[in-house]
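Chemist: I have a structure here, written as structure tokens, and I will follow up with some questions on it.
Readers should treat all values here as calculations from the given coordinates under stated rules, not as data from a laboratory. Quick caveat, the model's predicted, so the values are computed rather than measured. Virtual Cβ from ideal backbone geometry, glycine too; neighbours counted across all protein chains shown.
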Amino acid sequence: MINSSICTIGDEILIGQIVDTNSSHIAQALNGIGVRVTRMVSFGDDRQTIISSLERELKENRIVIVTGGLGPTKDDITKPALAELSGSRATRTDARQLEIIHRLLKAKGLDVLDINAAQAAVPDTCEVIPNRLGTAPVMVFRFPAERFGHECTLYSLPGVPFEALGAIPDIINDIKEHYPADDISHKTIMTYGLAESQLAKLIEPWENSLPENIHLAYLPNPLTGVRLRLSVYGGDKTAEDKIIGEQTESLRKILGDCIYAEEDTNLQETVGRLLLKSGKTLSCAESCTGGMISHLITSVGGSSRYYLGSVTSYANSVKENILGVPAGIIEKYGAVSSECVAKMAEGVRRITGSDYSVATSGIAGPGGGTPEKPVGLVWIGICTPDRTETFSIVYKNDRKRNIERFSASALDFLRRAIEKDINNL
């Protein structure tokens, strides 16, 4: 299997001024053609650090992809460092990139300054893949086996995410032309309702019995649950897919409805598909989640086909006057109670005319808790065409994380309710 490394250059990354998103997109693209990423590395804008770091990466990997440090200003020193690394003695102007620079700046009503035109000047040791979306071209440096112990290639991309992502297809095509690709198979299994430690304990016997060539990764996220990824590298793809299919079937028997999808997705997309499949509609009544459930649902394209609306009933007066929660229920049981969220869910379903509704009321924190109702407690109500169900959970996180978990849990209980109805048809 071909190994690769992804490097990001820039002091702004190391001080946390910007977040590196390029590496994840590049890694996904490499993985798709059977190239294994062994390392992601970031280093600052120091010429010698860049050179020594890239020398190390090239010794250990056949492919090294670098993003950043290719701007027109004097602090962008990646190009001179790459020229030194590759033994360049002169520069040349790439006519294709220069033409793109003129076209892009003209479209913006800007003059082409010397500093802009200089972006098309590259070391004479590199090949150029034109950057159609920006001024800095992609530079490709190919090194013979005697330099680093094996033939290897370094790709230098601009750091601007829009431009880096636009260059990825050209990089992938070049890699495929110069390196033999291995088959690689992945299977993503989305779970919710079990903490990572609980999940690991539950599936431990299954995991221990996995064939040696299958790798399992746990990828937890408060909004999506624990994503399990099964990977097989370097074999026959047909055989790999068969093995992964068999192992997935065994896992399904263990986890049951804790599995909500067998692809890389999320709860809101899953709920949306179920509603479309059943031809049903949805509404929300939110207190402690403050509209986050509605936001997640409407972040899915096409959600207008099944989502009718919501009431963010933060104050008790809104619960009573809009949703119709009897004042006596709140006085007797409190707003954070099974009785209250049941009436909230029923009220918003009645107001909107939806088939399903979900309601939340809880204590996100940091204050407001009591021994009986601690910070992190949430009550969730689900109203369906023929029943109302309520559930409670206690999370022990900060306010932001509690709200995320409240929202995701509400979507998961809703998902289970809709699946139950579909299975009973």
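Chemist: About its Cα centre, what dipole magnitude does the range 1-67 give when the only charges are +1 on Lys and Arg Cβ and -1 on Asp and Glu Cβ, stated in debye to the nearest 20?
Modeler: 380
Chemist: Scaled to the compact-protein estimate 2.2 N^0.38 Å, what is the alpha-carbon radius of gyration of the range 184-261, rounded to two decimal places?
Modeler: 1.06
Chemist: Then there's this: Treat the count of other C-beta atoms within 10 Å as a stand-in for reagent exposure and order F43, F141, F391 from fewest to most.
Modeler: F391, F43, F141
Chemist: What's the FRET efficiency of E196 with H295 using the Cβ-Cβ distance as r and R₀ = 35 Å, to the nearest 0.05?
Modeler: 0.90
Chemist: For the chain, what is the mean residue ellipticity at 222 nm derived from helices alone (per DSSP H run of n ≥ 4: -39500 (n - 2.57); sum divided by total residues; nearest 500 deg cm²/dmol)?
Modeler: -12500 deg cm²/dmol
Chemist: Using a 7 Å offset from the Cα along the Cα-to-Cβ direction at both K59 and H150, what is the distance between the two label points in nm, to one decimal?
Modeler: 1.5
Chemist: Write down the radius of gyration of the range 2-178 and its Dmax, each obtained from C-alpha positions, in Å.
Modeler: Final numbers for Rg and Dmax: 15.4, 49 Å.
Chemist: Moving on to the next point. First measure r as the distance between the Cβ atoms of K106 and L216, then evaluate 1/(1 + (r/R0)^6) with R0 = 56 Å and state the FRET efficiency to the nearest 0.05.
Modeler: 0.60
Chemist: Continuing with this model, one more query. Could you give the length gained on full extension between I77 and E263, defined as 0.36 nm per residue of separation minus the Cα-Cα distance, in nm?
Modeler: Separation in residues times 0.36 nm, less the Cα-Cα distance, equals 62.8 nm.
Chemist: Using Cβ contacts closer than 10 Å as the measure, can you line up D236, D46 from fewest to most?
Modeler: Final ranking by Cβ density, sparse to dense: D236, D46.
Chemist: Can I ask one more? Sort S52, S156 so that the residue with the fewest other Cβ atoms within 10 Å of its own Cβ comes first and the one with the most comes last.
Modeler: Fewest-to-most ranking of S52, S156: S52, S156.
Chemist: Using the Cα centre of the chain as the reference point, and only Cβ charges (+1 on K/R, -1 on D/E), how large is the resulting charge dipole? Debye, rounded to the nearest 20.
Modeler: Taking the Cα centre of the chain as origin, the dipole is about 1020 debye.
Chemist: Continuing with the same structure: Could you check the simple spin-label distance between F162 and N31, using points 7 Å along Cα→Cβ, in nm with one decimal?
Modeler: The modelled label-to-label distance comes out at 2.7 nm.
Chemist: Next question, about the same structure. With the crude spin-label approximation of a point 7 Å out along Cα→Cβ, what separation in nm comes out for Y314 versus D11?
Modeler: Output for this residue pair reads 4.1 nm.
Chemist: Cross-link partners among aspartates and glutamates for K332, C-alpha distance below 16 Å, same-chain residues fewer than 8 apart left out?
Modeler: Correct list for K332: E320, E372.
Chemist: Can you figure out the FRET efficiency of K396 with E84, using R₀ = 51 Å and their beta-carbon distance, to the nearest 0.05?
Modeler: Computed FRET efficiency for K396 and E84 comes out at 0.45.
Chemist: Continuing with this model, one more query. Averaging over all projection directions, find the projected area of the Cα convex hull of the chain and quote it in nm² with one decimal place.
Modeler: Orientation-averaged projected area of the Cα hull: 26.3 nm².
Chemist: Any idea what angle helix 237-255 forms with the longest principal axis of the chain, computed on alpha-carbon atoms, 0 to 90 degrees, nearest 10?
Modeler: Tilt of helix 237-255: around 30 degrees.
Chemist: Okay, next question. What are the aspartates and glutamates whose alpha-carbon lies under 19 Å from the alpha-carbon of K201, with same-chain residues fewer than 8 places away excluded?
Modeler: E249, D257
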